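First up is the structure itself, then whatever we jot down about it.
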Amino acid sequence: MSLNHVILGLVSREPLTGYEIKKIIQNTPFLYWSGNNNQVYKAFAELLDEGFVTKEVQHQEGSPSKNIYTITDDGLNELKSWLLSVTDEPVFKKQILIKLALANQLKRGDLENMLDSYADVVRMQAALSERELDKCYFAEQEHSNKVLFLDLIRENILSFYSSELEWVRKVKGLIAELPDGRSIMTEAVTGKEDKEVGLKMDYQIIGNTVLHCIV
């Protein structure tokens, strides 16, 4: 997915300046580009070269001139082609999973602290995303019936954070059964040894029973 197609989608709604595009990207949680000047103006330069947008210079008395970009017919065709193309796979990148996979040296209390810290980050990000969704460009356009799916977009984003918190609760429930004095690795090794000793004792008892029956 390229920033160029996002910009085409935005200017297909109405003519916009580079500054307006930049603010929309920065204030919309599901548009994950930084929206810095280099990104936006590089994209506009490419779109102009390809004939997908036109630029109108609007002079302002006492202020810098504004470049207003409008989509062309070729740009609309390119946007439609991208919308109908195969969608990229979901991005799966969670640091907490890597930490958890490598956390065998931690004790129960350390693990709980790690998970509590992550849950705090998730809750904070969920609240921030909800506020940004309420005031983003698409929320403003919702009243003019230009956005049909914003509620479903909101549901998708917030359900991710909700399921992540539920997963943290499950992990904490599992580690709550571990003793706090030893690391997970020590506990796992001890548990395995206890199990092996138990199996060996059962075998010896069975063997003695069989031997006694033979005698």
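Since every read-out is calculated from the coordinates, none of them should be taken as a lab result. Computed from a predicted model, the values in this text were never measured in an experiment. Glycine also receives a Cβ, built like all others from the backbone with ideal geometry; neighbour counts cover every protein chain displayed.
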**Prompt:** Given the convex hull of the Cα atoms of the stretch 95-181, what is a quarter of its surface area in nm²?
**Reply:** 6.3
**Prompt:** What full-extension length gain, to one decimal in nm, is calculated for L152 and D110 as 0.36 nm per residue of separation minus the Cα-Cα distance?
**Reply:** 11.4 nm
**Prompt:** Can you work out the FRET efficiency for the pair E166 and I98, with r the C-beta to C-beta distance and R0 = 30 Å, to the nearest 0.05?
**Reply:** 0.90
**Asked** Hey, fewest Cβ within 10 Å first, where do M124, M114 land in order?
**Response** M124, M114
**Prompt:** So what's the convex hull volume per residue for the Cα atoms of the stretch 3-83, in Å³?
**Reply:** 91
